[in-house]
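Undergrad: Below you will find the structure I want to go over with you.
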Amino acid sequence: MDPLIITVAPVGAEVMKENNPNVPYTPEEIAEECYRAWNEGASLAHIHARNEDGTSTQDPEVYARIIELVKAKTDMIIQVSVGGAVGMTAEERVRPVYLKPEMATLTCGTCNFGDGIFTNSLKDIEFFAKAMQENGVRPEFEIFEAGMIETAKRLGKKNLVPMPGHFDFVMGVQGAIPGDPSSLMHMISLLPAGATWTVAGIGRHELPLGAMAIVLGGHVRVGFEDNIYYSRGVLAGSNAELVARMVRLADELGRPVAKPDQARKILGL
Ligand code: KMH
Ligand code: ZN
């Protein structure tokens, strides 16, 4: 089994300091969370950017500052979000791709997302895929529903993305696939041969799905974007705490944890 790639998602587009005061907003805060997570064993940083007031932004200048700071202190793989926040236009969402990071997210369909709708028309998905292709950016397929895997495969057939590819199953978003073990097994069964996968369990699903990924040969994502709690009712003090727990679990289960360069090899970067 390959070593375990741990992705840290230190802040998404939704969670706020009101939800957990340790949620980072500024580039300095986000980079510090990445650094601490890297120290514990995270090899890939899934990046969203925030304005000073905490609202979500796809401003490439803010992304560039975060990337500069993370690269100054770590050798993590940088993956920018093209999901952005619900309601953003495709033109707004794609902007960080032009910074040519190693990776970017490519959501392969539309789903309900809490009270909102996370819209990803085929036209927009292909627009994002082409932007990634033109800028040498490797997509990670964001899979919120099983049918999105088929769309990713179709993009491969059209030569818009490299196949077999790397998939991230985001499980437990309200309105999309639930975070239960049988749903994870079903999604794995739909993958193209040779694909790699990560699971990002939302909220209380983060820990059990992460444990499944460790034993099944997948990879794991943790962090405040997905989960602000360490345990029921107890807020996590940092993203690093969530990473450290996965490292301990992996250690107990006999799965080595990948350094960033090992992660690059596994992902074919
Ligand atoms: N904020 C969500 C609507 C991604 O980063 O690509 C989408 C998201 C996915 O976070
Ligand atoms: Zn994200």
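Derivation of every value follows stated rules applied to the coordinates shown; laboratory data play no part. These figures come from a predicted structure and were not determined experimentally. With ideal geometry, Cβ positions are generated from the backbone for all residues, glycine too; neighbour counts draw on all protein chains shown.
Undergrad: Here's a check for you: in region 126-161, which residue that is among the basic types (Lys, Arg) and farther than 24 Å from Ala45 by Cα is nearest to the chain's Cα centre (by Cα)?
TA: Among those that are among the basic types (Lys, Arg) and farther than 24 Å from Ala45 by Cα, it is Lys153.
Undergrad: Within region 138-148, track down each residue that is in contact with a Pro (Cβ under 9 Å, 6 or more places away or on another chain) and surrounded by fewer than 24 Cβ atoms within 10 Å (Cβ to Cβ).
TA: Result: Arg138, single match.
Undergrad: Also, quick follow-up: For region 11-49, how many residues meet the condition of being in a loop (DSSP other than H, G, I, E, B), touching a strand residue (DSSP E or B) at 6+ places or on another chain (Cβ under 7 Å) and within 14 Å of ligand 1 (Cβ to nearest atom)?
TA: Count: 3.
Undergrad: Follow-up question, since we're still on this one. Against the condition part of a loop (DSSP other than H, G, I, E, B), away from ligand 1 (no atom under 16 Å from the Cβ) and of a type in the set (A, V, I, L, M), how does Ala193 come out, does it pass?
TA: When the stated conditions are applied, Ala193 passes them.
Undergrad: Looking at Glu142, Glu92, Glu150, Glu102, which one is of a type in the set (Asp, Glu), touching a residue at least 24 places away in the same chain (Cβ under 8 Å) and closer than 18 Å to Glu225 by Cα?
TA: Glu142
Undergrad: Sticking with this structure for a sec: Could you check region 59-86 and list, in sequence order, the residues that are in a helix (DSSP H, G or I) and within 16 Å of ligand 2 (Cβ to nearest atom)?
TA: Val62, Tyr63, Ile66, Ile67, Val70
Undergrad: Another one. Looking only at residues that are surrounded by 13 or more Cβ atoms within 10 Å (Cβ to Cβ) and polar (S, T, N, Q) in region 87-125, which one is nearest to ligand 2 (Cβ to nearest atom)?
TA: It comes out as Thr105.
Undergrad: Here is a follow-up. Working only within region 122-139, note down all residues that are outside any helix (DSSP H, G or I) and either free of Cβ contacts under 8 Å to residues at least 12 places away in the same chain or more than 24 Å from Gly12 (Cβ to Cβ) (or both).
TA: Across region 122-139, the qualifying residue is only Gly136.
To keep it simple, each residue is scored yes or no on (1) within 16 Å of ligand 2 (Cβ to nearest atom); (2) within 22 Å of Arg264 (Cβ to Cβ).
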site	(1), (2)
Gly136	no, yes
Phe141	yes, yes
Ala146	no, no
Met171	yes, no
His186	no, no
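Undergrad: Given Met185, Met163, which one is surrounded by fewer than 19 Cβ atoms within 10 Å (Cβ to Cβ), of a type in the set (A, V, I, L, M, F, W, C) and in a loop (DSSP other than H, G, I, E, B)?
TA: Met163
Undergrad: Also: State whether the residues of region 31-43 include one that is among the basic types (Lys, Arg) and within 16 Å of ligand 2 (Cβ to nearest atom).
TA: no
Undergrad: Let me ask something additional. Residue pairs, Cβ under 6 Å, 6 or more apart or interchain, first in region 70-82 and of a type outside the set (A, V, I, L, M, F, W, C), second assigned to a loop (DSSP other than H, G, I, E, B) and surrounded by 21 or more Cβ atoms within 10 Å (Cβ to Cβ). List them.
TA: Ser81/His48
Undergrad: Report, by residue number, each residue of region 32-53 that is of a type outside the set (S, T, N, Q), out of contact with any Ser or Thr (no Cβ under 8 Å at 6 or more places or on another chain) and loosely packed, with under 15 Cβ neighbours inside 10 Å.
TA: Listed by number, the list holds a single entry, Asp53.
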